[in-house]
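Presented below is the structure to which this report refers.
Rule-based calculations on the coordinates, nothing more; no lab input. Since we're looking at a predicted model, the values are computed, not measured. Quick reminder, even Gly has a Cβ in these numbers, built from the backbone with ideal geometry, and neighbours come from all protein chains shown.
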Amino acid sequence: MTPEEILEQLKQKFGDAITESEVKGVEVRLTVKPEQSWEVCRLVRDIGFEYLNCISGADWMTHLEVVYDLSSLQHPNKAHLRVPVDRDNPVVRTVTDIWRGANWHERECYDLFGVRFDGHPDLRRILLPEDWAGYPLRKDYTDERLVPYTDYGMEEKVAKAEGEKAAPKEARSLQPPTPTKPATA
Amino acid sequence: MEKPIPIGTTVVMERTGETMEEMYVNMGPQHPSTHGVLRLMLKLDGEYIIDCIPYIGYLHRCHEKIGENRNYTQIIPYTDRLDYLASMSMNFGYVLAVERLMGQKIPERAEYMRVILAELQRIASHLIWLGTFGLDLGNFTIFMYCFREREMVLDLFESVTGQRLNYSFYRIGGMPMDFPDTFLTDCQAFLAWFKPRLPEYDAIMTDNILFQKRVQGVGISPPQVAVEYGLSGPMLRACGIKWDLRRNEPYSIYDRFEFDIPVFDTCDVWARYMVRRREMEESVKIVEQALAQLPPGEVMAKMPKTIKPPAGQIYSRAESPRGEIGFYIVSDGSPKPYRYKVRSPAYVNLSALPEMLKGCLVADCVAVLGSVDIVLGEVDR
Amino acid sequence: MAADYAYVGFFLVVGVLFVILNIEILSRIIRPHNPNPQKLTTYECGEEPIGIGWIRFHVRYYLYALVYIVFAVETVFLFPWAIVFRELGLFAFLEMMVFIGILLVGLAYAWKKGALEWA
Amino acid sequence: MMIFATLVERFYAALAAWGIPWIVPTLVVMVIVVSVVLAYISVAAMFMIWWERKISAHIQVRYGPMRVGGWHGWAQSIADGIKLLLKEDLIPTGADKVVFVLAPMVVFGATVAAYVTIPWAPGLIVRDLNIGILYMVSISSLVVVGIIMAGWSSNNKYATLGALRSAAQAVSYEVPLVLSLLGPVMIAGTMSMGKLVEAQSGRWFGVLPGWFVFPQIVAFLTYFTCALAECNRLPFDIPEAESELVAGFHVEYSGMRFAMFFLAEYANMFVVSAIATTLFLGGWHGPWIPLPGLPREVAHGLFGLVWFQVKCYFLIFVMMWLRWTLARLRVDQLMGFAWKVLLPISFANLIVTGLVLILGKHALLYVGGIAILLLVAILLAARPAARTVRVGERT
Amino acid sequence: MTLKLGIFYFLAAFTVWASAVVVLGKNIVRSAVALIFGFCGMAALYVLLDAEFLAAVQVLIYVGGITILLLFAIMLTSRIGSTTARVVNDQVILSAIAAIGLLVGLIYASTSGIPAMSGPPRLPETAPFLGRALLTTYALPFEAVSVLLLAAMVGAIVLARKD
């Protein structure tokens, strides 16, 4: 089965749920609405993607995103599912009943991004202590102990050497506006 | 920070039909055989394990958050600290991901260097696993034997990189410098020494009936469970599934070498032991072939001073000694990754531990945990 | 005879005294003594112990002890037999074989019933 | 060495002549004897600890202690002892203090008491008790009680588990152990340790030394296996399995209290080796020549002393060798082995021995033959298992 | 003989003390530990009576077997950590009467010169004597013992494993 055929099959069944789709090499890339993510996941599993590589989170400031990377042990195709969820009320249905290995991945995503997985058997923090406040991998997470990295002028030097206009300290608006403090604070 | 579990809960045991109190025992974080700071809470019925709850995170350092605040080259040393027993493989996986994201080709010689170092690293990593596994089962001597050979690998690495544990030697676009002149002969000498050592390990471990009794039929994870949990590496191959990224999704130049993928289908600790034991032989084969084919030439591609991959995202995976090391990188075109995520093999493998432990004895717990081959630096990130 | 056992008693007492001498006298003089509540907690791999360490145990341990006592009593009878065995000859041997045989039946029963299994 | 007995008698007589009540010289002699034995235990245990470290090191291609004291770190054990003496003594708050304190005393006291009837050399035995071997067995059952006391009183789960394992293991291995000791007792017709050694003075068929190990090889191997279990040595060290139970029953013991357990463990190793030497390896027997300038008796005694030590330490060496070669068994396998393998074997040995003794002395030949057959059978039974396990490979 | 008598009184006192702890102790495991000392004291008393074999058997079976069995039983049946056993039960008066009766009987027997209580013939070694007696004079009771042991084992297994 080619990736295109897989995509076709998915689109037939869940045309409305799939907002974006793309085939890149052997990889099928989909963006799925959170309401139907579980159904899509189950179909994807039934198509042959029985191996869940990873569930990652990502914070796009406007929304959070849960990313499922799937592959198969039978054919070389891969699947890359992105499920955007609301930032203020991030809920998505758990896939632990599809892939049991999703358990810890979802706990990690909950721990670091605060995405709640509906129906998860044991949704607790996993890497951070239970009493930790906040979700560190969100871009607006602040912590007085967290010292944003500065390049100590390295990028400017490089830019000068290359004869470009020295870029000011990166206008990445996503950078938390935290004052620089000594690491020992 | 867990709430204490009330003691004295009376349950009816399915197996024996007897009513008795459950006992909770903490194993770890301060325990000689949890391979670091892992904590398992064991629910026991006498010496049988009813349930096991792993608590991880003691080594958590928010690797991914750090990664988002460093530029692509600067992340390399942090990847060393993921799996500190296989830093080369971690480096390899990471640079591979970035190169794939950039579409970067690297010089031929650098590819060979990468494979040689990664396979030597696999040998070293399996050696330390074998040694500590023996230690878990009460066999101290194998530990020393394995460390003797591992030291030699580390000597080789030191001659190449100047480091013995955290090498940070792979670069995006190639390798920072060539092998030293002595490396080829040293490496061949090591292989010549190492090959006859493997039967010695067999004599003390594989053929020892006490060892066999301890590992056979213990900690079973059926293939179905293994796939559902997404186990990888030797854990998956011990379930009779012939799956190795070096062969099934060839990266770098692995498709140029002749080697077997050892597979056992008993699904138990013994199978995992045998897979890793056999893999050392296969790695030796790969290194030998790579040394023979090693082409001359540059080791570093022409790279920009600041690495800025095009905007996009990639999930790239490679076969580390512990299984599938995946890097999920989202680039926004800036010198720093927008999102940087590590899918660590030991983390996933460990998540299946409670499944494997149910119904085992306390003594088996140590053997099963040893067979998972965890490195907490990678689990906790 | 009994005088021989004066030595046994004496050895026992001196063995205990030796321990007391080492722990309570010699070592007490030179060792530090700074206890604090943290040091004096029960070891449970660096975590707060869950509940007490005195746990209820499984019946299989009890079964081993039971079977042991039966066999221990038997061996006690075997010792006097072993000493006089050569002077008493065949009759004593057969007598003991009957004795052992009856007990081996018990062992076979225990084996079959799974009292020797660890499960 | 009868010379000691003579000396002691003269001492008694001299003091009696002075009109001193007999209790005084008796006590003096007792104190001297017990001091010598305690000194021997301490020195021998320290030597064994150092020796074990060296043996393990050389098995593991390293050197072991090399610094303390100069030559091959011979003073390492002394340094360790001093260190333990200087360690803080901690008794956990949750522990049952009385029992906690009593436990090492019971263990060490029982171990010391076992030295009463070890036959060191001809005539050199503290007291040749007429129930010698039975006494040895019963006094060592006290050690187990001490271990349970230690484990239980710690109020620690690992310690409790270790203690219970230890008790279950001890009771399981006690039966085949005692049964295997019966073989030599049957042949010699005595339980006294001294007489057991004397009974081995002859020769088998005029060639082999008259040690009971030859007709009783099965019993010897059974005994040695059980002895490993009784001493909690690998592969039977599950009561203190450090990779599972951290340290087992003595996990809460620190400093000198721990040192006493440690000392008793090594002293116990010597005791079980001494029993094996006495019953199976001919005790002090061995080639000897009269030394010039010494009475015959003294020379014989000196050689005997040396032979006894050599045999004992050889067995101890084997124990250490096994420890650094083998992996640990699991508790269920351990129990199964005791009840299902060792117990039937030792019963069979008992019956065969009795049969042969009834049929006549010449039949000892048959015993040897049957023993060898049994051994071969055991080895054959063990071998295929080692091979068949390789199936399942599917490359 | 005075020394022997002194030792006897010391050992008797020790045994009585240990037994008192067994009966009166509130902590059930400590009672078991005291029982060990009581058994050892008994063994020592046997030695004083020149019955070394019996003493060794006492230690081997009672200390090495019965107490371990008791400890297992204790750990099997109750919450040993916190609970304290009730020391006095309903039969206290009844048992007191029985004990006092036994004491009176023993005192009477030992002072009135009943032949059986005047002491056994002195034997150089008890074990061979025992062996001979068991295998010749008392052969039948001896064999009966094996049946008894068999019954004990079967009974124990049946009771412990309800299957």
**Request:** For the protein assembly as shown, give the magnitude of the charge dipole about the Cα centre (Cβ charges: +1 Lys/Arg, -1 Asp/Glu; no others), in debye to the nearest 20.
**Result:** 1620 debye
**Item:** FRET efficiency estimate (nearest 0.05) - Cβ-Cβ, B:Glu151 to B:Ile53, R0 41 angstrom
**Value:** 0.65
**Fill in**
For segment B:161-261, whose charge dipole is built from +1 on Lys and Arg Cβ atoms and -1 on Asp and Glu Cβ atoms, the candidate among B:Ile172, B:Ile261, B:Pro223 with its Cα farthest towards the positive end is B:Pro223
**Request:** Using Cα pairs closer than 8 Å and at least 6 residues apart in sequence, work out the relative contact order for segment B:221-360, in percent.
**Result:** 25 percent
**Request:** Please report the relative contact order for segment D:90-329, taking Cα pairs under 8 Å with a sequence separation of at least 6, and give it as a percent rounded to a whole number.
**Result:** 25 percent
**Listed peptides D:127-139, B:256-268 by packing density, highest first (mean Cβ within 10 Å)** = D:127-139, B:256-268
**Request:** Please get the size of the charge dipole for segment A:3-162, origin at its Cα centre, with Cβ charges of +1 on Lys and Arg and -1 on Asp and Glu, quoted in debye to the nearest 20.
**Result:** 220 debye
**Request:** May I ask you to derive the FRET efficiency for E:Leu3 and A:Val91 from their Cβ-Cβ distance with R0 = 56 Å, giving the value to the nearest 0.05?
**Result:** 0.05
**Prompt:** How big is D for chain B, in µm² s⁻¹ as a whole number, if Stokes-Einstein is applied with the Kirkwood radius of its Cα pairs at 10 °C and 1.306 mPa s?
**Reply:** 73 µm²/s
**Prompt:** What residues from segment D:183-198 fall in the zone where the backbone N is under 16 Å from a label point 7 Å along the Cα-to-C-beta line of D:Trp288?
**Reply:** D:194-198
**Request:** Please sort through the DSSP H helices of chain D and keep those with an alpha-carbon extent of at least 30 Å along the long axis and a Kyte-Doolittle average not below 0.0.
**Result:** D:23-59, D:132-153, D:157-188, D:255-279, D:296-323, D:364-388
**³J(HN,Hα) computed for each position of segment B:276-290 - Karplus, 6.51 cos²θ - 1.76 cosθ + 1.60, integer Hz, glycine/proline x** = 5, 4, 6, 4, 4, 4, 5, 5, 4, 4, 4, 4, 4, 5, 5
**Asked** On a 0 to 90 degree scale, rounded to 10, what angle separates helix B:87-102 from the longest Cα axis of chain B?
**Response** 60 degrees
**Item:** Rounded to whole Hz, the Karplus (6.51, -1.76, 1.60) HN-Hα couplings of segment E:46-55, x for glycine and proline
**Value:** 4, 4, 4, 8, 6, 10, 5, 4, 4, 4
**Message:** A 30 angstrom limit on the alpha carbon distance is what I want to check against. Which of B:Lys213/B:Lys358; A:Lys24/B:Lys336; A:Lys78/B:Lys195; B:Lys195/D:Lys54 exceed it?
**Reply:** A:Lys78/B:Lys195
**Prompt:** Under 5 Å between amide H atoms, partner at least 5 residues away or on a different chain: which partners does A:Tyr51 have, H built in plane at 1.01 Å?
**Reply:** A:Ser71, A:Leu73
**Request:** Report, as an integer, the average count of C-beta atoms from other chains found within 10 Å of each Cβ along A:98-107.
**Result:** 5
**Asked** For C:104-111, what's the mean count of beta carbons from other chains sitting within 10 Å of each residue's beta carbon?
**Response** 5
**Message:** Suppose only helical runs count, i.e. DSSP H with n ≥ 4. What mean residue ellipticity at 222 nm does that imply for the protein assembly as shown under -39500 (n - 2.57) per run, divided by all residues and rounded to the nearest 500 deg cm²/dmol?
**Reply:** -17500 deg cm²/dmol
**Asked** What share of Cα pairs, in percent, lie more than 43 angstrom apart in the protein assembly as shown?
**Response** 51 percent
**Prompt:** For D:Arg10 and C:Arg28, what is the calculated FRET efficiency with R₀ set at 45 Å and r taken between the beta-carbons, to the nearest 0.05?
**Reply:** 0.65
**Complete:** At q = 0.09, 0.10 1/Å the base-10 log of I(q)/I(0) from the Debye formula over the alpha-carbon atoms of segment D:90-329 is -0.41, -0.50
**Complete:** Candidate cut points under chymotrypsin sites (Phe, Trp or Tyr not before Pro) in segment D:140-209, DSSP loop plus at most 16 other Cβ atoms within 10 Å of their own Cβ, are D:Phe205
**Item:** Per-residue mean of C-beta atoms belonging to partner chains within 10 Å, peptide D:106-114
**Value:** 6
**Item:** Degrees, to the nearest 10: B:362-372 long Cα axis against longest axis of chain B
**Value:** 20 degrees
**Asked** Once amide H atoms are built 1.01 Å from N in the peptide plane, which residues 5 or more positions from A:Glu27, or in another chain, come under 5 Å H to H?
**Response** A:Lys78
**Fill in**
Note on chain B: contact order normalised by length, alpha-carbon pairs under 8 Å, 6 or more apart, percent, works out to 25 percent
**Message:** What's the magnitude of the charge dipole for segment D:90-329 around its Cα centre, counting Lys and Arg as +1 and Asp and Glu as -1 at the beta-carbon? Answer in Debye, nearest 20.
**Reply:** 260 debye
**Request:** Compare the Cα positions of D:Ala247, D:Gln216, D:Tyr115 along the charge dipole of segment D:90-329 (+1 at Cβ of Lys, Arg; -1 at Cβ of Asp, Glu; about the Cα centre) and return the one farthest towards the positive end.
**Result:** D:Gln216
**Item:** Positive dipole terminus of the protein assembly as shown, leading residue within D:Gln76, B:Gly377, B:Phe327 (C-beta point charges)
**Value:** D:Gln76
**Message:** Can you return the aspartates and glutamates within cross-link range of B:Lys302? Criterion is Cα-Cα under 13 Å, with same-chain partners fewer than 8 residues away left out.
**Reply:** B:Glu99
